[in-house]
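Engineer: Submitted below is the structure of interest, expressed as structure tokens.
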Amino acid sequence: MTHQWRFFRSGGFDQVRLDRIEDWQHLDQLDPKLWAALSCPVKGLEFDSRTLQYLDADNDGRVRIDDVKAAVRWALSHLKHPEVLLSGTELPLAAIDSHTPQGQTLLSSAKRILVNLGKADAHSLSCADTDDLSKVFPADQLNGDGVITVELASTLGDVSVAVATLIQTVLGTGVHTVDRSGAPGITSEQLDAFVEQATAHQAWHQQAATASHALGAVTEELYQLVQSLDHKVTDYFTRCQLAAYDNNAVAALNAAVEDFSALSRHLLTSESSDAHHLPLARVSANANLPLRKGVHPHWAGSLSCVADLAASLWGDKDSINAADWAQLKAALQPYADWKAAEPQGAVALLEPSLVDQCLQSSTLEAARALIANDLSQKAEAESVLDLDKLVRFQSHLRDLLRNFVNLENFYSPEKPAIFQNGRLYIDGRSCELCLEVIDAAKHGKLAALSGMYLLYLDCVRAATGEKKSIVAAMTAGDAGNLMVGRNGVYYDAKGQDWDANVTKLVENPISIREAFYTPYQRIGRMISEQIQKFAASKDKEIEAKSASGVGDAAKVAESGAKPPAPFDAAKFAGIFAAIGLALGAIGTAIATMVSSFLALSWWQMPLALAGILLFVSGPSMLLAWFKLRTRNLAPLLDANGWAVNTNAKLSISFGSKLTAMASIPAGSSRSLIDPYEHKSSARWYFILALLAGAALWLWHSGLLKKWLG
């Protein structure tokens, strides 16, 4: 028989129940179309990071249905009491299936870990026991990853110092791999690469004697001098060849008077007298290059030094020709070729004696044997990692299922969903539905389809300078004073506080209550704006008339003409009469409405008022009701990289749980007296006079007597 699934309805869709181990055991058979999500990213979740690494076996940054199925299958296959997956945060050792070879290895690894932690008598393991891998895998013990550390080399006895020096030397070249203990170390491949480079460098050093055979110990110094002088010497002999070619070129090829005039304006030394365009010595046909006298001061010291160092080649010479210089360069060519063949890399910076020490055969053999011994523990070490995986699956896998196969965690008040990463306090309310955002501009385009009122905020922790962006859904109350630029405080899942600033709003209806007041707020804003516009226009008109009147009076005074005629009230009597008629019509209309209202029976009056309110607010409330019923979590999660497989709706009642409004605690005392509130009785007198006038008019018209009778 196929498994009998049970479903519950929440969020407007059917969700599968996963509260029995039989449901887990048959999860492979559940139609993917009935899963709440098809995939989710491993980033931006409030979920154990190492568990996510185990789930994301292919390291593509996503968890998919097949990954979840594989994790459940693997966990069930290693437990003889799989019910432990349904509750608790510790894995009982008795629940491990020790009837299989792998189960026996897991059990022995668990006992070894507890012994290392000083908890040999414990009968269960928790995530806290395996959190710190440096305690599970100490750096001075074999751990099966093929990485050897300085601490591990210290266990080798006589060769420990030599192997430790080798490891430190390789690490000093910038090459390293992090050991399972967390310490830096080297692998077999990295050791082989170092030996290859070091051997090449050692062989290169051994060729130094052959390369410098012609000139002996002075070869390096002479090589550097020739490198620095060659361009100037070549320039000099080339100038001499041109002078031999044409005697007329001699003056031009030597320094001009203007060159020395320019130098004469400065305080000169042998270093500062350099002018790159001046020759080494005086140019003439068939001239030799002097080495000690008659040389440009800037280069004199170098040429004199060359003469001394090359004496074994040239003899005691005070000048040389082009052939002598070519002979010196030819003698240095083997050394130049040797220098050019120097192996590159960080090994070249090491002392040759240190390289020789590291390449001792006994040292290399001990290091390779240590790597082999470490790898021999691979199966046992991986069983420790498998144990850590099983412990974490026991503690966290059910939360993943309740946020992936169904959305039980989100729709239940016990704990937040794994995509909810904190709480925002702003404008007298708190928002529980907060998600981290990588790109707010891209996120807003898709998230707007959720039908929710969204706030995008930039958050900063002043203590550390950390920054992040979040989106918060406002699902109850009203927009109030929410606007771009408002500040709030955001508390992440760890309870750390962040300064939050609103950078963007996606406006949608928030509640029916807000929709009820919206028409009146719009009417109030419209009337206020019109009054302000009218007042502003009248103010400008009066200002313009005043200026015009003053100007006209000044003109009349200057011209001696008669002043304008005074205001004639009779002339404007028609205007006043028209205004009176308009006011009368308005008063009559109001009186008709009031009299019609009072003509109703007492029980009809509330219905009439309700009808008026429904006429004004009804369309807005109806539109908001339709929009609020379509609020959907899926676009909000999809904008964060999820692949939600259903319409996860946010009802009005559920929305009121995700956003809490400020309220005074029950049993609190409250004073309604505000000492700084502006107090005036004028409005009450006005209302009283208005009511008295209306009552008097109704009495004289007989309507009040009729209504009371």
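None of the figures in this text is laboratory data; all of them are computed from the coordinates on show. As the structure is a prediction and not an experimental result, all values here were calculated from the model. Every residue, glycine among them, receives a Cβ derived from its backbone with ideal geometry; neighbour counts consider all protein chains shown.
Engineer: Could you sort 428-441, 341-354 so that the peptide with the highest average Cβ count within 10 Å comes first and the rest follow in order?
Structural biologist: On the way: 428-441: 18.4, 341-354: 13.4.
Ranked from most to least packed, the peptides come out as 428-441, 341-354.
Engineer: Using mean Cβ contacts within 10 Å as the protection proxy, how do 206-212, 451-457, 161-167 order, highest first?
Structural biologist: In descending order of packing, they fall as 451-457, 161-167, 206-212.
Engineer: Got a sec? How would 443, 78, 231, 26 order by Cβ neighbour count within 10 Å, fewest to most?
Structural biologist: Numbers: 443 24, 78 19, 231 9, 26 14.
Ordered from fewest to most neighbouring Cβ atoms within 10 Å, 443, 78, 231, 26 come out as 231, 26, 78, 443.
Engineer: Rank 407, 477, 393 by how far each Cα sits towards the positive end of the charge dipole of the range 388-480 (+1 on Lys, Arg Cβ; -1 on Asp, Glu Cβ) and give me just the farthest.
Structural biologist: 393
Engineer: In addition: If neighbour count is taken as other Cβ atoms inside 10 Å, put 510, 65, 673, 148 in order from fewest to most. Mind showing how you got there, number by number?
Structural biologist: On the way: 510 24, 65 18, 673 5, 148 29.
Taking fewest neighbouring Cβ atoms as first place, the list is 673, 65, 510, 148.
Engineer: With only Lys, Arg, Asp and Glu charged, each at its Cβ (+1 for the first two, -1 for the last two), find how big the charge dipole of the range 199-259 is about the Cα centre; round to the nearest 20 debye.
Structural biologist: Numbers: 2 positive and 7 negative charges, 43 e Å.
Roughly 200 debye for the range 199-259.
Engineer: List the aspartates and glutamates whose alpha-carbon lies under 16 Å from that of residue 293, not counting same-chain residues fewer than 8 positions away?
Structural biologist: Here the aspartates and glutamates satisfying the reach criterion relative to residue 293 are 308, 316, 318.
Engineer: Then there is this: Below 8 Å between Cα atoms, with a sequence gap of 6+, how large is the relative contact order for the range 125-236 in percent?
Structural biologist: Working: 91 pairs, mean separation 23.4, N = 112.
Value for the range 125-236: 21 percent.
Engineer: Oh, and also: Please report, in whole Å, how far the alpha carbons of the range 148-260 spread along each principal axis, starting with the longest.
Structural biologist: 82, 34, 23
Engineer: So how do 474, 483 line up by other beta-carbon neighbours within 10 Å, fewest first?
Structural biologist: Numbers: 474 28, 483 11.
If I rank by nearby Cβ atoms, fewest first, I get 483, 474.
Engineer: Could you list, in their original order, any pairs among 135/494; 43/80; 43/649; 232/317; 69/442; 135/468 whose Cα atoms are separated by more than 28 Å?
Structural biologist: Numbers: 135/494 24 Å; 43/80 33 Å; 43/649 24 Å; 232/317 19 Å; 69/442 32 Å; 135/468 33 Å.
Distance filter (> 28 Å) returns 43/80; 69/442; 135/468.
Engineer: Could you give the length gained on full extension between residue 69 and residue 532, defined as 0.36 nm per residue of separation minus the Cα-Cα distance, in nm? Intermediate results must be reported in sequence, preceding the final value.
Structural biologist: Numbers: separation 463, 0.36 × 463 = 166.68 nm, distance 6.65 nm.
Using 0.36 nm per residue and subtracting the Cα-Cα distance, I get 160.0 nm.
Engineer: So, one more: Between residue 448 and residue 316, what is the label-point separation in nm under the 7 Å Cα-to-beta-carbon projection?
Structural biologist: Computed distance between label sites residue 316 and residue 448 equals 9.5 nm.
Engineer: Just grab the label-to-label distance for residue 622 and residue 19, each label 7 Å out from Cα along the Cβ direction, in nm (one decimal).
Structural biologist: A separation of 4.1 nm, rounded to one decimal place.
Engineer: List the relative contact order of the range 383-498 as a percent without decimals, with contacts defined as Cα pairs under 8 Å and 6+ residues apart.
Structural biologist: Numbers: 136 pairs, mean separation 26.8, N = 116.
The value is 23 percent.
Engineer: Using Stokes-Einstein with the Kirkwood hydrodynamic radius over Cα pairs, what translational diffusion coefficient do you get for the range 107-208 at 37 °C and a viscosity of 0.692 mPa s, in µm²/s rounded to a whole number? Present the calculation step by step, with values, prior to reporting the outcome.
Structural biologist: Details: Rh = 15.6 Å.
Answer from the Stokes-Einstein relation: 210 µm²/s.
Engineer: Determine the gain in length on full extension of the stretch residue 9-residue 102; use 0.36 nm per residue of separation and subtract their C-alpha separation, reporting nm with one decimal.
Structural biologist: Details: separation 93, 0.36 × 93 = 33.48 nm, distance 4.07 nm.
Net length gain for the segment: 29.4 nm.
Engineer: Write down, largest first, the equivalent ellipsoid semi-axes of the range 1-123 in whole Å, where each equals the square root of 5 times an eigenvalue of the alpha-carbon gyration tensor. Mind dumping the intermediate values first?
Structural biologist: Numbers: eigenvalues 179, 73, 38 Å².
Sorted largest first and rounded, they come to 30, 19, 14 Å.
Engineer: Across the range 221-233, in residue order, what do the Karplus-derived ³J(HN,Hα) couplings come to in whole Hz, using 6.51 cos²θ - 1.76 cosθ + 1.60 with θ = phi - 60° and x for Gly and Pro?
Structural biologist: 5, 5, 4, 5, 5, 5, 4, 7, 9, 4, 5, 6, 5
Engineer: Could you give the length gained by full extension between residue 284 and residue 43, i.e. 0.36 nm per residue of separation minus their alpha carbon distance, to one decimal place?
Structural biologist: Numbers: separation 241, 0.36 × 241 = 86.76 nm, distance 7.84 nm.
Going from the current span to full extension adds 78.9 nm.
Engineer: Which aspartates and glutamates have a Cα less than 13 Å from the Cα of residue 119, not counting those fewer than 8 places away in the same chain?
Structural biologist: 129
Engineer: Can you compute the modelled spin-label distance between residue 56 and residue 543, with each label point 7 Å from Cα toward Cβ, in nm?
Structural biologist: Result for the modelled spin labels: 6.3 nm.
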